[in-house]
1. Within segment 212-232, identify whether any single residue is buried (at least 20 other Cβ atoms within 10 Å of the Cβ), under 18 Å from ALA149 (Cα atoms), of a type in the set (Phe, Trp, Tyr) and assigned by TED's automatic domain parsing to the domain that holds LEU279, and answer yes or no.
2. Tell me which residues, restricted to segment 186-219, are closer than 16 Å to VAL264 by Cα, modelled with pLDDT of 90 or more and part of a helix (DSSP H, G or I).
3. Mind telling me which of the residues ILE374, ILE346 ends up being touching a Lys or Arg at 6+ places or on another chain (Cβ under 8 Å) and either farther than 21 Å from VAL61 by Cα or at pLDDT below 95 (or both)?
4. Given GLY369, GLY401, which one is within 24 Å of ALA38 (Cα to Cα) and at pLDDT 95 or above?
5. In segment 392-411, what residues are among the aliphatic types (A, V, I, L, M) and surrounded by fewer than 16 Cβ atoms within 10 Å (Cβ to Cβ)?
6. With the structure loaded, tell me whether VAL397 is outside any loop (DSSP other than H, G, I, E, B), in contact (Cβ under 8 Å) with a residue 24 or more places away in the chain and in contact with a His (Cβ under 7 Å, 6 or more places away or on another chain) or whether it fails that test.
Amino acid sequence: MTRPPFHYQDDTLHCEDVPLATIAAEVGTPTYVYSKQAITGAYRAYDDALAGVDHLVCYSVKANSSLGILSMLVAEGAGADIVSAGELYRWQRAGGDPGKVVFSGVGKTEAEIKAALAAGILAFNVESIEELVAIDRIARAAGVVAPVALRVNPDVDAQTHPYISTGLKQNKFGIAADVARDVFRRAAGMPNLLVRGIDCHIGSQLTKTAPFSDAIARLCKLVLDLAADGIAIDLIDIGGGLGIDYGKDGDAPPPSHGEYGAAVKAALAPLKALPPIKLLVEPGRSIVGPAGTLVTRVLYRKPGETKHFTIVDAAMNDLLRPSFYGSHHPMQPVHKKSAATQVTDIVGPICETGDFLARDRALPPLAQGDLLAIGAAGAYGMTMSSNYNTRPRAAEVVVDGKRWRIIRERETLEHLLAGERTFS
(Lines give C-alpha, C1' and ligand atoms only; values in the text may rest on other atoms or scores of the structure.)
Protein backbone atom coordinates (compact mmCIF):
# COMPACT_ATOMS: atom_id res chain seq x y z
CA MET A 1 0.00 0.00 0.00
CA THR A 2 1.24 3.49 -0.80
CA ARG A 3 -0.63 5.03 2.12
CA PRO A 4 -1.21 3.81 5.69
CA PRO A 5 -4.28 1.61 6.15
CA PHE A 6 -5.67 4.21 8.58
CA HIS A 7 -5.40 7.82 7.46
CA TYR A 8 -7.28 11.11 7.51
CA GLN A 9 -9.33 12.34 4.58
CA ASP A 10 -11.10 15.68 5.08
CA ASP A 11 -10.20 15.52 8.79
CA THR A 12 -12.01 12.19 9.24
CA LEU A 13 -10.08 8.98 9.94
CA HIS A 14 -10.60 6.33 7.28
CA CYS A 15 -9.76 2.67 6.94
CA GLU A 16 -8.74 2.44 3.29
CA ASP A 17 -11.59 4.39 1.60
CA VAL A 18 -14.24 4.01 4.31
CA PRO A 19 -14.78 6.58 7.11
CA LEU A 20 -14.60 4.92 10.53
CA ALA A 21 -17.49 7.13 11.58
CA THR A 22 -19.68 5.44 8.96
CA ILE A 23 -18.89 2.01 10.38
CA ALA A 24 -19.46 3.18 13.96
CA ALA A 25 -22.82 4.70 13.03
CA GLU A 26 -24.03 1.45 11.46
CA VAL A 27 -22.39 -1.19 13.65
CA GLY A 28 -21.98 0.64 16.97
CA THR A 29 -19.00 0.66 19.31
CA PRO A 30 -16.70 -0.80 20.39
CA THR A 31 -15.84 -2.37 17.05
CA TYR A 32 -12.64 -3.80 15.59
CA VAL A 33 -11.96 -2.62 12.04
CA TYR A 34 -9.34 -4.30 9.80
CA SER A 35 -7.78 -3.38 6.49
CA LYS A 36 -7.74 -6.28 4.04
CA GLN A 37 -5.02 -4.64 1.95
CA ALA A 38 -2.77 -4.30 5.00
CA ILE A 39 -3.21 -7.96 5.95
CA THR A 40 -2.62 -9.41 2.49
CA GLY A 41 0.21 -6.93 1.89
CA ALA A 42 2.00 -8.04 5.06
CA TYR A 43 1.64 -11.70 4.14
CA ARG A 44 3.03 -11.06 0.66
CA ALA A 45 5.94 -9.09 2.13
CA TYR A 46 7.03 -12.22 4.03
CA ASP A 47 6.55 -14.38 0.97
CA ASP A 48 8.62 -11.99 -1.16
CA ALA A 49 11.36 -11.62 1.48
CA LEU A 50 11.92 -15.39 1.50
CA ALA A 51 11.89 -15.78 -2.30
CA GLY A 52 14.56 -18.18 -3.47
CA VAL A 53 14.11 -20.40 -0.41
CA ASP A 54 11.61 -23.26 -0.33
CA HIS A 55 9.29 -21.97 2.39
CA LEU A 56 5.81 -21.88 3.86
CA VAL A 57 4.44 -18.92 5.80
CA CYS A 58 2.39 -20.48 8.61
CA TYR A 59 0.25 -17.69 10.04
CA SER A 60 0.08 -17.79 13.85
CA VAL A 61 -3.64 -18.22 14.38
CA LYS A 62 -3.57 -17.10 18.01
CA ALA A 63 -2.83 -13.54 16.89
CA ASN A 64 -6.30 -13.21 15.35
CA SER A 65 -8.44 -16.26 14.71
CA SER A 66 -11.57 -14.68 13.22
CA LEU A 67 -12.87 -16.65 10.25
CA GLY A 68 -12.90 -13.55 8.06
CA ILE A 69 -9.19 -12.98 8.71
CA LEU A 70 -8.26 -16.63 8.26
CA SER A 71 -10.17 -16.92 4.99
CA MET A 72 -8.19 -14.03 3.48
CA LEU A 73 -4.91 -15.73 4.36
CA VAL A 74 -6.13 -19.10 3.09
CA ALA A 75 -6.81 -17.40 -0.25
CA GLU A 76 -3.21 -16.13 -0.25
CA GLY A 77 -1.87 -19.67 0.14
CA ALA A 78 -0.81 -19.42 3.79
CA GLY A 79 -0.28 -22.27 6.18
CA ALA A 80 -1.13 -22.09 9.88
CA ASP A 81 0.60 -22.36 13.23
CA ILE A 82 -1.97 -23.52 15.79
CA VAL A 83 -1.91 -24.16 19.55
CA SER A 84 -5.27 -25.89 20.08
CA ALA A 85 -7.82 -28.12 18.42
CA GLY A 86 -10.12 -25.11 18.42
CA GLU A 87 -7.71 -23.22 16.20
CA LEU A 88 -7.46 -26.24 13.89
CA TYR A 89 -11.27 -26.29 13.68
CA ARG A 90 -11.34 -22.57 12.85
CA TRP A 91 -8.64 -23.00 10.21
CA GLN A 92 -10.55 -25.78 8.50
CA ARG A 93 -13.87 -23.91 8.73
CA ALA A 94 -12.14 -21.00 6.95
CA GLY A 95 -11.17 -23.36 4.11
CA GLY A 96 -7.60 -23.93 5.29
CA ASP A 97 -5.59 -27.01 4.32
CA PRO A 98 -4.70 -29.09 7.42
CA GLY A 99 -1.71 -30.37 5.47
CA LYS A 100 -0.22 -26.88 5.90
CA VAL A 101 -0.67 -26.85 9.69
CA VAL A 102 1.95 -27.11 12.41
CA PHE A 103 0.61 -27.79 15.91
CA SER A 104 2.60 -26.05 18.66
CA GLY A 105 2.04 -25.69 22.40
CA VAL A 106 3.25 -27.42 25.55
CA GLY A 107 -0.05 -28.98 26.66
CA LYS A 108 -1.71 -30.83 23.79
CA THR A 109 -4.46 -33.12 25.12
CA GLU A 110 -5.11 -36.64 23.88
CA ALA A 111 -8.31 -35.45 22.19
CA GLU A 112 -6.40 -32.69 20.41
CA ILE A 113 -3.69 -35.06 19.23
CA LYS A 114 -6.33 -37.44 17.87
CA ALA A 115 -8.11 -34.61 16.05
CA ALA A 116 -4.87 -33.39 14.47
CA LEU A 117 -3.90 -36.91 13.36
CA ALA A 118 -7.34 -37.42 11.83
CA ALA A 119 -7.09 -34.10 10.00
CA GLY A 120 -3.67 -34.95 8.56
CA ILE A 121 -1.58 -32.00 9.74
CA LEU A 122 1.91 -31.26 8.46
CA ALA A 123 3.65 -31.78 11.82
CA PHE A 124 3.38 -31.62 15.58
CA ASN A 125 5.90 -29.28 17.18
CA VAL A 126 6.72 -31.48 20.17
CA GLU A 127 7.78 -29.74 23.39
CA SER A 128 8.66 -32.56 25.84
CA ILE A 129 9.68 -36.21 26.01
CA GLU A 130 6.40 -37.18 27.64
CA GLU A 131 4.46 -35.51 24.82
CA LEU A 132 6.59 -37.43 22.31
CA VAL A 133 5.70 -40.72 24.03
CA ALA A 134 2.02 -39.78 24.13
CA ILE A 135 1.87 -38.95 20.40
CA ASP A 136 3.59 -42.25 19.55
CA ARG A 137 1.09 -44.16 21.70
CA ILE A 138 -1.96 -42.37 20.28
CA ALA A 139 -0.71 -42.78 16.70
CA ARG A 140 -0.11 -46.50 17.27
CA ALA A 141 -3.67 -46.96 18.59
CA ALA A 142 -5.00 -45.14 15.52
CA GLY A 143 -2.87 -47.22 13.15
CA VAL A 144 -1.06 -44.18 11.72
CA VAL A 145 2.38 -42.60 11.77
CA ALA A 146 2.55 -39.14 13.31
CA PRO A 147 4.76 -36.48 11.68
CA VAL A 148 6.73 -34.63 14.36
CA ALA A 149 9.23 -31.83 14.72
CA LEU A 150 11.02 -31.25 17.99
CA ARG A 151 10.89 -27.75 19.40
CA VAL A 152 14.31 -26.90 20.76
CA ASN A 153 14.83 -24.20 23.35
CA PRO A 154 18.03 -22.48 22.11
CA ASP A 155 18.45 -20.29 25.24
CA VAL A 156 18.48 -17.09 23.18
CA ASP A 157 17.33 -13.81 24.70
CA ALA A 158 14.71 -12.27 22.40
CA GLN A 159 15.09 -8.93 24.25
CA THR A 160 11.34 -8.50 24.50
CA HIS A 161 8.66 -8.41 27.23
CA PRO A 162 9.24 -11.30 29.69
CA TYR A 163 5.67 -12.58 29.20
CA ILE A 164 6.29 -13.11 25.47
CA SER A 165 9.88 -14.36 25.66
CA THR A 166 9.84 -18.10 24.90
CA GLY A 167 13.40 -19.14 24.08
CA LEU A 168 15.24 -18.94 27.43
CA LYS A 169 16.06 -21.81 29.77
CA GLN A 170 13.62 -20.50 32.36
CA ASN A 171 10.71 -20.50 29.88
CA LYS A 172 8.28 -23.43 29.71
CA PHE A 173 8.70 -23.96 25.98
CA GLY A 174 10.76 -26.48 24.06
CA ILE A 175 13.35 -29.14 24.79
CA ALA A 176 16.67 -28.02 26.26
CA ALA A 177 19.32 -27.68 23.56
CA ASP A 178 21.88 -29.76 25.47
CA VAL A 179 19.65 -32.86 25.45
CA ALA A 180 17.87 -32.30 22.12
CA ARG A 181 20.20 -34.57 20.12
CA ASP A 182 19.47 -37.51 22.42
CA VAL A 183 15.74 -36.83 22.27
CA PHE A 184 15.87 -36.81 18.45
CA ARG A 185 17.57 -40.22 18.53
CA ARG A 186 14.88 -41.53 20.85
CA ALA A 187 12.12 -40.15 18.62
CA ALA A 188 13.69 -41.71 15.54
CA GLY A 189 13.40 -45.10 17.23
CA MET A 190 9.68 -44.83 17.94
CA PRO A 191 7.77 -46.88 15.35
CA ASN A 192 4.75 -44.60 15.02
CA LEU A 193 6.64 -41.33 14.66
CA LEU A 194 8.09 -39.78 11.54
CA VAL A 195 10.73 -37.26 12.57
CA ARG A 196 10.31 -34.53 9.98
CA GLY A 197 11.71 -31.38 11.48
CA ILE A 198 13.23 -29.11 14.04
CA ASP A 199 11.55 -26.04 15.48
CA CYS A 200 12.24 -23.06 17.70
CA HIS A 201 10.43 -19.88 18.70
CA ILE A 202 12.28 -17.40 20.87
CA GLY A 203 9.57 -14.84 21.49
CA SER A 204 7.30 -12.17 20.13
CA GLN A 205 7.62 -8.47 19.26
CA LEU A 206 11.30 -8.72 18.26
CA THR A 207 12.91 -5.50 17.05
CA LYS A 208 16.30 -6.90 16.01
CA THR A 209 17.40 -9.60 13.57
CA ALA A 210 20.34 -10.72 15.72
CA PRO A 211 18.27 -12.98 18.02
CA PHE A 212 16.78 -14.72 14.96
CA SER A 213 20.23 -15.24 13.46
CA ASP A 214 21.64 -16.58 16.73
CA ALA A 215 18.77 -19.04 17.22
CA ILE A 216 18.91 -20.27 13.61
CA ALA A 217 22.68 -20.79 13.88
CA ARG A 218 22.13 -23.04 16.88
CA LEU A 219 19.44 -24.98 15.03
CA CYS A 220 21.70 -25.43 12.00
CA LYS A 221 24.48 -26.86 14.19
CA LEU A 222 22.03 -29.39 15.60
CA VAL A 223 20.68 -30.28 12.13
CA LEU A 224 24.22 -31.03 10.97
CA ASP A 225 24.82 -33.17 14.06
CA LEU A 226 21.59 -35.07 13.37
CA ALA A 227 22.66 -35.68 9.77
CA ALA A 228 25.83 -37.25 11.14
CA ASP A 229 23.59 -39.49 13.28
CA GLY A 230 21.68 -40.57 10.18
CA ILE A 231 18.59 -38.52 11.06
CA ALA A 232 17.59 -36.50 8.01
CA ILE A 233 14.95 -33.83 8.49
CA ASP A 234 13.07 -31.95 5.78
CA LEU A 235 11.49 -29.11 7.80
CA ILE A 236 13.13 -26.32 9.77
CA ASP A 237 10.70 -24.04 11.62
CA ILE A 238 12.17 -20.79 12.95
CA GLY A 239 8.99 -19.45 14.52
CA GLY A 240 7.74 -15.92 14.18
CA GLY A 241 8.03 -12.90 16.37
CA LEU A 242 8.89 -9.95 14.12
CA GLY A 243 7.72 -6.84 15.95
CA ILE A 244 5.47 -3.99 14.88
CA ASP A 245 5.46 -0.26 15.58
CA TYR A 246 3.14 0.51 18.51
CA GLY A 247 3.85 4.22 18.23
CA LYS A 248 5.68 4.65 21.52
CA ASP A 249 8.43 7.25 21.59
CA GLY A 250 11.85 5.72 22.13
CA ASP A 251 10.95 2.22 20.94
CA ALA A 252 13.27 0.74 18.35
CA PRO A 253 11.63 0.28 14.94
CA PRO A 254 11.25 -3.36 13.85
CA PRO A 255 13.38 -4.69 10.99
CA SER A 256 11.92 -4.50 7.50
CA HIS A 257 10.75 -7.69 5.85
CA GLY A 258 13.73 -7.42 3.50
CA GLU A 259 16.19 -7.17 6.41
CA TYR A 260 14.48 -10.12 8.09
CA GLY A 261 14.62 -12.23 4.92
CA ALA A 262 18.30 -11.44 4.32
CA ALA A 263 19.20 -12.35 7.91
CA VAL A 264 17.29 -15.64 7.73
CA LYS A 265 18.85 -16.65 4.42
CA ALA A 266 22.36 -15.87 5.70
CA ALA A 267 21.80 -17.85 8.90
CA LEU A 268 20.56 -20.89 6.94
CA ALA A 269 23.66 -21.01 4.71
CA PRO A 270 25.33 -23.91 6.62
CA LEU A 271 22.51 -26.22 5.52
CA LYS A 272 23.23 -25.83 1.80
CA ALA A 273 25.39 -28.95 1.84
CA LEU A 274 22.43 -31.09 2.94
CA PRO A 275 19.44 -32.33 0.91
CA PRO A 276 16.74 -29.63 0.56
CA ILE A 277 15.01 -28.58 3.78
CA LYS A 278 11.77 -26.59 3.72
CA LEU A 279 11.71 -23.43 5.81
CA LEU A 280 8.64 -22.71 7.94
CA VAL A 281 8.00 -19.32 9.53
CA GLU A 282 5.17 -18.44 11.94
CA PRO A 283 4.41 -14.70 11.83
CA GLY A 284 1.21 -13.47 13.44
CA ARG A 285 1.37 -10.05 15.07
CA SER A 286 3.25 -8.48 12.16
CA ILE A 287 0.61 -9.65 9.66
CA VAL A 288 -2.52 -8.50 11.46
CA GLY A 289 -1.40 -6.08 14.19
CA PRO A 290 -0.99 -2.87 12.15
CA ALA A 291 -4.06 -3.78 10.09
CA GLY A 292 -6.54 -3.37 12.94
CA THR A 293 -7.97 -0.59 15.07
CA LEU A 294 -10.52 -0.60 17.90
CA VAL A 295 -13.12 2.14 17.51
CA THR A 296 -14.66 3.32 20.78
CA ARG A 297 -16.92 6.18 21.86
CA VAL A 298 -16.40 8.65 24.71
CA LEU A 299 -19.03 8.22 27.43
CA TYR A 300 -17.93 10.74 30.04
CA ARG A 301 -15.06 13.04 31.06
CA LYS A 302 -14.05 13.11 34.71
CA PRO A 303 -11.58 15.73 35.96
CA GLY A 304 -9.93 14.87 39.26
CA GLU A 305 -7.50 16.47 41.68
CA THR A 306 -4.48 14.64 40.26
CA LYS A 307 -5.84 12.93 37.12
CA HIS A 308 -8.14 13.58 34.19
CA PHE A 309 -10.12 10.57 33.02
CA THR A 310 -11.77 9.97 29.67
CA ILE A 311 -14.24 7.12 30.04
CA VAL A 312 -14.97 5.20 26.83
CA ASP A 313 -17.23 2.26 25.99
CA ALA A 314 -14.30 -0.10 25.26
CA ALA A 315 -12.60 -1.74 28.23
CA MET A 316 -9.95 -4.21 29.31
CA ASN A 317 -12.26 -7.07 28.31
CA ASP A 318 -12.12 -5.73 24.72
CA LEU A 319 -8.38 -4.92 24.63
CA LEU A 320 -6.45 -6.60 27.43
CA ARG A 321 -2.90 -5.75 26.33
CA PRO A 322 -2.51 -2.40 28.15
CA SER A 323 -3.63 -3.88 31.49
CA PHE A 324 -1.86 -7.21 31.02
CA TYR A 325 1.43 -6.15 29.45
CA GLY A 326 1.49 -2.43 30.22
CA SER A 327 1.51 -2.01 26.45
CA HIS A 328 1.17 1.20 24.47
CA HIS A 329 -1.27 1.61 21.58
CA PRO A 330 -1.41 4.69 19.35
CA MET A 331 -4.66 6.65 19.59
CA GLN A 332 -6.33 9.14 17.25
CA PRO A 333 -9.67 10.94 17.34
CA VAL A 334 -11.83 9.79 14.44
CA HIS A 335 -12.62 13.41 13.69
CA LYS A 336 -9.45 15.48 13.67
CA LYS A 337 -9.29 17.98 16.52
CA SER A 338 -7.23 21.08 17.17
CA ALA A 339 -3.51 20.90 17.79
CA ALA A 340 -4.11 21.52 21.50
CA THR A 341 -3.70 18.49 23.78
CA GLN A 342 -4.91 17.33 27.14
CA VAL A 343 -3.20 14.71 29.31
CA THR A 344 -5.76 12.09 30.25
CA ASP A 345 -6.21 8.45 31.19
CA ILE A 346 -8.35 6.51 28.72
CA VAL A 347 -10.35 4.10 30.86
CA GLY A 348 -13.29 1.72 30.44
CA PRO A 349 -16.45 0.93 32.38
CA ILE A 350 -15.16 -2.25 34.07
CA CYS A 351 -15.05 -2.30 37.87
CA GLU A 352 -11.25 -2.61 38.12
CA THR A 353 -8.60 0.05 38.66
CA GLY A 354 -6.59 -1.90 36.11
CA ASP A 355 -9.21 -1.18 33.45
CA PHE A 356 -7.24 1.33 31.41
CA LEU A 357 -6.37 1.59 27.73
CA ALA A 358 -3.84 4.40 28.16
CA ARG A 359 -2.37 6.36 31.04
CA ASP A 360 -1.22 9.96 30.96
CA ARG A 361 -1.79 10.20 27.23
CA ALA A 362 -1.62 13.58 25.51
CA LEU A 363 -4.59 13.74 23.13
CA PRO A 364 -6.73 16.46 21.62
CA PRO A 365 -9.50 17.23 24.15
CA LEU A 366 -12.30 14.75 23.54
CA ALA A 367 -15.95 15.60 23.97
CA GLN A 368 -18.76 13.34 25.12
CA GLY A 369 -19.86 11.24 22.15
CA ASP A 370 -16.57 11.61 20.23
CA LEU A 371 -15.07 8.55 18.54
CA LEU A 372 -11.53 7.40 19.34
CA ALA A 373 -9.48 4.93 17.28
CA ILE A 374 -7.05 2.71 19.19
CA GLY A 375 -4.45 1.58 16.68
CA ALA A 376 -2.17 -1.44 16.17
CA ALA A 377 -4.93 -3.56 17.69
CA GLY A 378 -5.33 -6.25 15.04
CA ALA A 379 -3.23 -8.80 16.95
CA TYR A 380 -4.11 -10.16 20.39
CA GLY A 381 -7.05 -7.77 20.66
CA MET A 382 -10.10 -9.81 19.80
CA THR A 383 -8.47 -13.16 20.58
CA MET A 384 -7.69 -12.12 24.18
CA SER A 385 -11.07 -10.47 24.75
CA SER A 386 -13.53 -11.79 27.32
CA ASN A 387 -16.98 -11.33 28.78
CA TYR A 388 -15.79 -9.99 32.14
CA ASN A 389 -18.53 -7.97 33.87
CA THR A 390 -20.94 -9.80 31.53
CA ARG A 391 -20.00 -7.55 28.63
CA PRO A 392 -20.72 -8.78 25.09
CA ARG A 393 -17.62 -8.90 22.91
CA ALA A 394 -17.11 -6.36 20.16
CA ALA A 395 -18.12 -6.63 16.53
CA GLU A 396 -15.48 -7.06 13.80
CA VAL A 397 -15.42 -5.46 10.35
CA VAL A 398 -13.10 -5.87 7.35
CA VAL A 399 -12.63 -3.05 4.83
CA ASP A 400 -11.53 -3.67 1.25
CA GLY A 401 -11.21 -0.39 -0.62
CA LYS A 402 -14.65 1.23 -0.59
CA ARG A 403 -16.37 -1.99 0.45
CA TRP A 404 -16.77 -3.26 4.00
CA ARG A 405 -18.56 -6.09 5.74
CA ILE A 406 -19.13 -7.41 9.25
CA ILE A 407 -17.14 -10.60 9.85
CA ARG A 408 -18.34 -11.05 13.44
CA GLU A 409 -21.65 -9.78 14.78
CA ARG A 410 -21.61 -8.10 18.16
CA GLU A 411 -22.48 -10.60 20.87
CA THR A 412 -25.86 -10.34 22.56
CA LEU A 413 -26.77 -11.05 26.17
CA GLU A 414 -28.46 -14.23 24.95
CA HIS A 415 -25.13 -15.38 23.50
CA LEU A 416 -23.51 -14.94 26.90
CA LEU A 417 -26.00 -17.25 28.63
CA ALA A 418 -25.90 -20.00 25.99
CA GLY A 419 -25.15 -23.35 27.63
CA GLU A 420 -25.81 -22.12 31.18
CA ARG A 421 -28.44 -23.53 33.54
CA THR A 422 -29.96 -22.33 36.77
CA PHE A 423 -29.67 -24.57 39.84
CA SER A 424 -32.77 -25.46 41.78
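1. No - not one qualifying residue is present in segment 212-232.
2. Result: LEU219, single match.
3. Numbers: ILE374 fails: touching a Lys or Arg at 6+ places or on another chain (Cβ under 8 Å).
The unique qualifying residue is ILE346.
4. Working: GLY369 fails: within 24 Å of ALA38 (Cα to Cα).
Going through GLY369, GLY401 in turn, the sole match is GLY401.
5. Here is the first cut: in segment 392-411, the ones among the aliphatic types (A, V, I, L, M) are 394-395, 397-399, 406-407.
Answer for segment 392-411, where residues must be among the aliphatic types (A, V, I, L, M) and surrounded by fewer than 16 Cβ atoms within 10 Å (Cβ to Cβ): just ILE406.
6. Numbers: outside any loop (DSSP other than H, G, I, E, B): yes; in contact (Cβ under 8 Å) with a residue 24 or more places away in the chain: yes; in contact with a His (Cβ under 7 Å, 6 or more places away or on another chain): no.
Answer is no for this residue.
Residues are listed down the side, and each one gets a yes or a no for (1) of a type in the set (A, V, I, L, M); (2) free of Cβ contacts under 8 Å to residues at least 12 places away in the same chain; (3) in a loop (DSSP other than H, G, I, E, B); (4) over 30 Å from LEU294 (Cα atoms):
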residue	(1), (2), (3), (4)
VAL223	yes, no, no, yes
ILE231	yes, no, yes, yes
GLY240	no, no, yes, no
TYR246	no, no, yes, no
PRO253	no, no, yes, no
GLY258	no, no, no, no
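Condition check ((1) under 17 Å from the mean Cα position of the chain (by Cα); (2) surrounded by fewer than 22 Cβ atoms within 10 Å (Cβ to Cβ); (3) among the charged types (D, E, K, R)) across all residues:
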{"residue": "ALA75", "(1), (2), (3)": "no, yes, no"}
{"residue": "ALA80", "(1), (2), (3)": "yes, no, no"}
{"residue": "SER84", "(1), (2), (3)": "yes, yes, no"}
{"residue": "SER104", "(1), (2), (3)": "yes, no, no"}
{"residue": "THR109", "(1), (2), (3)": "no, yes, no"}
{"residue": "ILE121", "(1), (2), (3)": "no, no, no"}
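The values are calculated or read from the model by the stated rules, or taken from the named source; none is laboratory data. Since the structure is predicted, the reported quantities are computational estimates derived from the model, not experimental observations. For neighbour counting, all protein chains shown are included, and Cβ atoms are generated from backbone atoms with ideal geometry for every residue, glycine included.
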